[in-house]
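Okay, structure first, notes after.
The values are calculated or read from the model by the stated rules, or taken from the named source; none is laboratory data. None of these values were measured; they are calculated from a predicted model. We place every Cβ from the backbone using ideal geometry, glycine too, and count neighbours over all the protein chains shown. All accessible areas refer to the heavy atoms of the entire protein, side chains included, with ligands and DNA or RNA removed. Shrake-Rupley method; radii C 1.70, N 1.55, O 1.52, S 1.80 Å.
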Amino acid sequence: MQIGTIGAGDLAQAVAKRAIKAGYEVKLSNSRGPESLREIVRKLGPGATAATREEAVACEMVLLAVPWDSVPETLASLPKWKNQILIDGTNPLHGKAGDFTPADVGNLSTSQLVAALAPGARVVKTLNNMTVPNLEGDPVVNGARRVAFVSADDNGAKKQVQTLLEAFGYAVIDLGNLRDGGLIQQAGGPLAGRDILERGEYPK
């Protein structure tokens, strides 16, 4: 399976590393075009390619990894969605790293807004609780697995993303639909930024 990324910053690169290690191919894209990604792709190694946004969106799974302020413009610039899974890794924060302020999204999860802006996509919210250093770190810590949460209104898409995250090495907990589960895990929710570990028996 190929995974596309819309955005190629720290989050996208951390997910790409994890996906490549699990045997997936990743097509990274950004607003500046494939040529600007040459060094990033070189560092990621085999399995990573620089792509246009159109090529990235054509993948079966696509990670949305752009700053919250860029989400509306970014989604408006993409081709029509044709039932791809759109993994929403965004959080409702204005600004850039080191200078964030909370965005007012009312009582909605960011993924509900993303879904409204990306008709035809099957949106799954995940990875919002994890910081980039934890994503880059080992999924197993002292014999316990890091927990990733998933939320979606489409159960089939949610199961596929769960399989992906389990291939990464995480323990996965289903938080339900986009609104309720999304609010719990996104910035401002009780699980945001928490490094949660789970002990148990897991397949090797």
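Laid out as a table, the results:
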{"quantity": "Segment 105-126: number of residues that are open to solvent by 10 Å² or more (accessible area, probe 1.4 Å), touching a residue at least 12 places away in the same chain (Cβ under 8 Å) and assigned to a loop (DSSP other than H, G, I, E, B)", "calculated": "6"}
{"quantity": "Pairs with Cβ under 7 Å, 6+ apart, first in segment 168-182 and under 9 Å from Ala152 (Cα atoms), second at pLDDT 95 or above and in a loop (DSSP other than H, G, I, E, B)", "calculated": "Asn177/Asp153; Leu178/Asp153; Gly181/Leu175"}
{"quantity": "Flag for Asp88 being open to solvent by 50 Å² or more (accessible area, probe 1.4 Å) and either within 28 Å of Arg179 (Cα to Cα) or not hydrophobic (A, V, I, L, M, F, W, C) (or both)", "calculated": "no"}
{"quantity": "Meets criteria (over 15 Å from the mean Cα position of the chain (by Cα) and outside any loop (DSSP other than H, G, I, E, B)) for Leu37", "calculated": "yes"}
{"quantity": "Filter result (over 16 Å from Leu135 (Cβ atoms) and touching a Lys or Arg at 6+ places or on another chain (Cβ under 8 Å)) within segment 1-29", "calculated": "Gln2, Gly4, Ile6, Ser29"}
{"quantity": "Within segment 80-89, tally of residues that are without any contact (Cβ under 8 Å) to a residue 60 or more places away in the chain, part of a loop (DSSP other than H, G, I, E, B) and in contact with a strand residue (DSSP E or B) (Cβ under 7 Å, 6 or more places away or on another chain)", "calculated": "2"}
{"quantity": "Residues satisfying the stated conditions in segment 127-142, i.e. within 14 Å of Arg18 (Cα to Cα) and not in a loop (DSSP other than H, G, I, E, B)", "calculated": "Val132, Pro133, Asn134, Leu135, Glu136, Val140"}
